[in-house]
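To keep things clear, I will list the structure first and then write my remarks on it.
No value in this document is a laboratory result; all are computed from the given coordinates. This is a predicted model, so every value here is computed, not measured. No Cβ is skipped: glycine too gets one built from the backbone with ideal geometry, and neighbour counts run over all protein chains shown.
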Amino acid sequence: MAGILVFLFLFSLGAGFVQRVSGFGFGIFIMMFLPYIMPSYNEAVALSGILSGSIAFTVALCNIRHVCWRKMFLVVPANAAVLFL
């Protein structure tokens, strides 16, 4: 079990590096390896989504002080209107 966690950490580290350098590719990179160490493909997909979401959340928290909130009051309702129509 500990060996799988070490591999999972290393693969996540590599996928995070790919994501940071290119702006995409976390799921592509990690899904090259996860199906081989996880019991099922569905679990690998779920774990990839959870890891990808946590990295996106971390980046958002690091950059939240750079958000121009005045512009957000215009953008968020416009996006919500397009999304729900």
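So the values come out like this:
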{"quantity": "Tabulated pairs, segment 58-85, first closer than 29 Å to Gly16 by Cα and touching a residue at least 12 places away in the same chain (Cβ under 8 Å), second in a helix (DSSP H, G or I) and of a type in the set (A, V, I, L, M, F, W, C), C-beta under 9 angstrom, 6+ apart or interchain", "calculated": "none"}
{"quantity": "Test: residue in segment 29-37 that is surrounded by 10 or more Cβ atoms within 10 Å (Cβ to Cβ), closer than 23 Å to Leu10 by Cβ and without any contact (Cβ under 8 Å) to a residue 12 or more places away in the chain", "calculated": "yes"}
